[in-house]
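Reading through the structure tokens given below for one structure.
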Amino acid sequence: MCIRTVCLLVAVVFATPVFAETIAVIGTGNVGSALGTELASQGHTIIYGSRSPLGLKALDVAKKTQGEATTSTPREAAADAGIVVLAVPGMVVEDVVRSLGDLSGKLIIDATNPLVVEEPLAFSFGVQTSNGEIVQAAAPGARVVKAFNTISWQSMIDPEIADGPLYVPIVGNDPEAKRIVAGFVKAMGLNPIDLGPIDVAHWTEYAAVVQLNNQFSGRVNYDLVFRARD
């Protein structure tokens, strides 16, 4: 049994009775599916929010998710959950958040990046501030935490594919919300690293732009990763 499996079993056994949440995952693409399945494996109840909740894609993602995962419209999913994960295209995140209704008091995990695709294949940063700040402004009564936007969905599912430990930058204005998200990160076999308030989201999002441009540049590829230092 690998170390990550042991960590997941411990997380479920000890955390589920006192901290089982209903989590709305808005988006059923690779990132939404990865986070939904990983959070479900920790004992949480997942509702996938999709524009086509009865479509084959959404239903297939729910079927592959541990537990009683269901599908619903994004607004209904957010209304029924205490935690909302944003896993939608980054340039529509503000419109998506505003369409979800009153999010006051909810914990919002923003896993998006404001990517603009240009020709030839290249990426630019599409907003003046950051998606994290945009989400917080669109839902001022919510507790927004930026996380999971600097690693691939494959690494979320299997962090052992990396050459070394993977750190997930976490930024936000609410210490308790960041603590909760850090717990999710640890249970996934990843390492949370608190980089400060929500305005730091600009730098973590821009790191994703830099890495994607390198990946498709044809030049020598490199990994742009965060590491803790003594």
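The values are calculated or read from the model by the stated rules, or taken from the named source; none is laboratory data. In this text, all values refer to a predicted model and were calculated from it rather than measured experimentally. Neighbour counts are summed over all protein chains in view; Cβ atoms, including those assigned to glycine, are modelled from backbone coordinates with ideal geometry. These accessible areas exclude ligands, DNA and RNA; they are computed on the full protein's heavy atoms, side chains included. Shrake-Rupley method; radii C 1.70, N 1.55, O 1.52, S 1.80 Å.
Residues in segment 22-28 carry Karplus couplings, in order, of 9, 10, 8, 9, 8, x, 10 Hz; the curve used is 6.51 cos²θ - 1.76 cosθ + 1.60 with θ = phi - 60°, and Gly or Pro positions show x.
Gain on full extension, evaluated as 0.36 nm per residue between residue 64 and residue 226 minus their Cα-Cα distance, stands at 55.3 nm.
Amide H contacts of residue 143 (H built 1.01 Å from N, in plane; Pro and chain starts excluded): 105, 106, 107, 108 sit under 5 Å, all sequence-distant by 5 or more or on other chains. Rolling a 1.4 Å probe across all protein chains gives residue 206 an accessible area of roughly 100 Å².
Summing Cβ point charges (Lys, Arg +1; Asp, Glu -1) relative to the Cα centre of the chain gives a dipole of roughly 280 debye. A crude spin-label estimate for the pair residue 160 and residue 214, with each label 7 Å from Cα along the Cβ direction, gives 2.6 nm. For the peptides 112-121, 157-166, 29-38, residues were scored by their other Cβ atoms within 10 Å and the scores averaged per peptide; the highest-first order is 29-38, 112-121, 157-166. Model label points for residue 203 and residue 128, set 7 angstrom from Cα along the Cα-to-Cβ axis, are 2.2 nm apart.
Here mean projected area of the Cα convex hull in nm² was calculated from the structure, and among (1) 15.1; (2) 11.9; (3) 13.1 it sits at label (3).
Contact order, relative form, for the chain: 17 percent (alpha carbon pairs under 8 Å, 6 or more residues apart, mean separation divided by residue count). Modelled spin labels at residue 22 and residue 119, positioned 7 Å past Cα toward Cβ, are 4.7 nm from each other. FRET efficiency for the residue 54 to residue 102 pair, using the beta carbon distance and R₀ = 22 Å, is estimated at 0.30.
Projecting the Cα atoms of 97, 216, 48 onto the charge dipole of the chain, computed from C-beta unit charges around the Cα centre, puts 48 farthest toward the positive end.
Can you give the calculated 222 nm mean residue ellipticity of the chain, where each DSSP H run of n ≥ 4 adds -39,500 (n - 2.57) and the sum is split over every residue, rounded to the nearest 500 deg cm²/dmol?
Numbers: 9 runs with 91 residues, N = 230.
Using -39500 (n - 2.57) per qualifying helix, the result is -11500 deg cm²/dmol.
3J(HN,Hα) couplings calculated from phi for segment 171-188 with the Karplus curve 6.51 cos²θ - 1.76 cosθ + 1.60 (θ = phi - 60°) are, in sequence order, 9, x, 9, 10, x, 5, 4, 5, 5, 5, 5, 4, x, 4, 4, 4, 5, 8 Hz; Gly and Pro show x. Farthest toward the positive end of the dipole of the chain, out of 37, 124, 168, is the Cα of 37, where the dipole comes from beta carbon charges about the Cα centre. Residue-wise HN-Hα couplings along segment 47-59, as the Karplus relation 6.51 cos²θ - 1.76 cosθ + 1.60 with θ = phi - 60° gives them from phi, are 10, 8, x, 9, 5, 10, x, 9, x, 4, 5, 5, 5 Hz; Gly and Pro carry x. Pairs of Lys residues in the chain that lie 8 or more places apart, or on two chains, and have C-alpha atoms under 17 angstrom apart add up to 5. Between amide H atoms placed 1.01 Å from N, distances below 5 Å from residue 168 occur with 191, 193, all of them 5 or more places distant or on a separate chain. Assuming charge only on the beta carbon of Lys and Arg (+1) and of Asp and Glu (-1), the dipole of segment 45-104 about its Cα centre is about 220 debye to the nearest 20.
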